[in-house]
1. Taking only pairs six or more apart or across chains, which ones have beta-carbon atoms under 8 Å, a first residue in segment 221-233 that is charged (D, E, K, R), and a second residue that is open to solvent by less than 20 Å² (accessible area, probe 1.4 Å)?
2. Of the numbered conditions (1) free of Cβ contacts under 8 Å to residues at least 40 places away in the same chain; (2) touching a strand residue (DSSP E or B) at 6+ places or on another chain (Cβ under 9 Å), Arg314 fails exactly one; give the number of that condition.
3. Could you go through segment 220-238 and let me know if any residue there is under 24 Å from Ile148 (Cβ atoms) and over 27 Å from the mean Cα position of the chain (by Cα).
4. Kindly evaluate Gly159 against the criterion of being modelled with pLDDT of 85 or more, part of a helix (DSSP H, G or I) and open to solvent by less than 30 Å² (accessible area, probe 1.4 Å).
5. Please list, ordered by first then second residue, the pairs with beta carbon atoms under 9 Å, 6 or more apart or interchain, first in segment 71-83 and over 16 Å from Tyr418 (Cβ atoms), second open to solvent by 90 Å² or more (accessible area, probe 1.4 Å).
6. Within segment 374-394, restricting attention to residues that are in a loop (DSSP other than H, G, I, E, B) and of a type in the set (Gly, Ala, Ser), which residue is surrounded by the most Cβ atoms within 10 Å (Cβ to Cβ)?
7. Limited to segment 23-56, what total is found for residues that are among the hydroxyl-bearing types (Ser, Thr, Tyr), over 15 Å from Asn302 (Cα atoms) and modelled with pLDDT of 80 or more?
8. Could you tell me which numbered condition Val399 fails, if it satisfies all but one of (1) open to solvent by 10 Å² or more (accessible area, probe 1.4 Å); (2) under 28 Å from Leu422 (Cα atoms); (3) touching a helix residue (DSSP H, G or I) at 6+ places or on another chain (Cβ under 6 Å)?
Amino acid sequence: MNEFPPETSQSDSLTAELQQQPYLYLRLTENALTVADSLRNNYFKNTAQFVSDLRRSVRRPASVDNPVMKVFNAKDTEWADLHNELVTFIDGGVGSVEISSQVPILLRVGSYCVRTGERRISQREQFGYYPIVLGDLEGGSRDRPDFIDIVRITAELLGGLSALERTKDLRVLMFHGPLIYLVGGYAGHSPFTEADIDMFLTRYAADPALGRALKEQFLDEARKGIYPKMGQPRWAERRLFDPLAWMAFLYRQLVSCANGRNPRPIIAGVVERGRSTEFSNIVLLENVFRNLRHNRREEYFNAIFGRHDLLSPRAVLDRLGYTDALLLAMVLQPGEYSEPWEMQKFGGLRRGEVAVGGDSERVVVDFSPLKPGNAGGFPSVTACYLQVTKNTEPVRIEVFTDLGHEQVIESVRRVYLYSRLLPGYGFPVGLDVADKYAKVPAWLTSAYGKLIRHHLGVSLQKGEISDEETRRLLTQAIYMTHRDWLFRPDAKQ
């Protein structure tokens, strides 16, 4: 973005183009209603002017120094290039059972395995799922709303690792959602017990010995390295499994397993409808401001939008409501993808307090050793954005940095083809199939709720539950609805 000459005709042309794309037009209209009053009147027109300049800068010859963003093309990919590949898609689903309140209690991870080009349906597709009953878990902090997330992520990881171990010729392993989440937000959960891990591993492999070996390997590595660095050297002796340390271990197992094969399997996570601004903040707009400063045009955004405070990437994103997906949807053409960058997912890993089991006191745990680059830490993640169709937002594709740059190229090629199997869909069809398969249906949660009520009722009738208050609460949970007048508070309370 070295120059900004007046380009009124291009701006007007872009305005007309965006008006023909209902999804983008709606997103920009929503933004116009949420930004400051001073930005609303000409928000759409001013955005069109900025994006028009951005497009010209991106389309400059590759020989130009300091490009704003490198753009690559995936259109030359053919299905013939990917013939006879074995691909597994992974996703998790959660169900809620109504007892005395809506509580997430049933989870299952679904896998959808396909061999590309296979005409025989019986040989082409296979389904598998791994159920987890959350009510059986002893660890984790149930009072936290993200408790279900750490369980789901752990189960999905084990499902993916199981698929990789079970299928020696697996070429692609693709997860629905981020490959690694912003894990700092999940720090501080109570450790899982060994019984919890045994339950997770029950569905991990047909041979229980493989699950036991995985568990013992983690405890051995944690005892020698990660737990002492986290400030809890005795956790390995107590056979406790910190949820984040356990996740990091499973991610490293995925990387290790893939590195041990030739050809190396492609492992990726694909995100649709994301709200991230990371790429725009640290790559795209950072390069824009670098060039603006070089050409003494720091007031470019202020001049367009009539402000005085748009002097940094963060300020532009916060004030104008732009996201990575929105900006790149207006810049990239179908089949194009952005330059990759290493994502910053681990900034929230720091010291925090953790309650251990039934202990009344909380202990201080240092989660920073779980950052990439440390023995026992998470692997780093590289990502890019791919535009599939003109009528959808680009998808974000995440891969493990340690598996090599070719993971970006090869995953983009496949996501592009998988996403074009349905016209105008814009997301890998296999992930949609896995999503629907993993979803816990209403009939299943209803049946499970009836089973729980039956077992509780039998326990009550046998006198196995003697505490009066507990009996009252269970009676309410089993036999009455939330609004039953028998359980309204007394007037004197």
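1. Here the result reads Glu221/Phe249; Glu221/Gly376; Arg223/Ala236; Lys229/Pro369; Lys229/Gly376, each pair linking segment 221-233 to a residue that is open to solvent by less than 20 Å² (accessible area, probe 1.4 Å).
2. (2)
3. Yes: one or more hits.
4. Working: modelled with pLDDT of 85 or more: yes; part of a helix (DSSP H, G or I): yes; open to solvent by less than 30 Å² (accessible area, probe 1.4 Å): yes.
The answer is yes for Gly159.
5. Sorted first by the residue in segment 71-83, then by its partner, the pairs are Val71/Arg59.
6. Per the criteria, the residue is Gly377.
7. At the first step, the residues of segment 23-56 found to be among the hydroxyl-bearing types (Ser, Thr, Tyr) are 23, 25, 29, 34, 38, 43, 47, 52.
Applying the additional criterion that residues be over 15 Å from Asn302 (Cα atoms) yields 23, 25, 29, 34, 52.
If we keep only those that are modelled with pLDDT of 80 or more too, we end up with 29, 34, 52.
Total meeting the criteria: 3.
8. (1)
The values are calculated or read from the model by the stated rules, or taken from the named source; none is laboratory data. None of these values were measured; they are calculated from a predicted model. Don't worry about glycine lacking a Cβ; one is built from the backbone with ideal geometry, like all the others, and counts go over all protein chains shown. The area values use the complete protein model at the heavy-atom level, side chains included, leaving out ligands, DNA and RNA. Shrake-Rupley method; radii C 1.70, N 1.55, O 1.52, S 1.80 Å.
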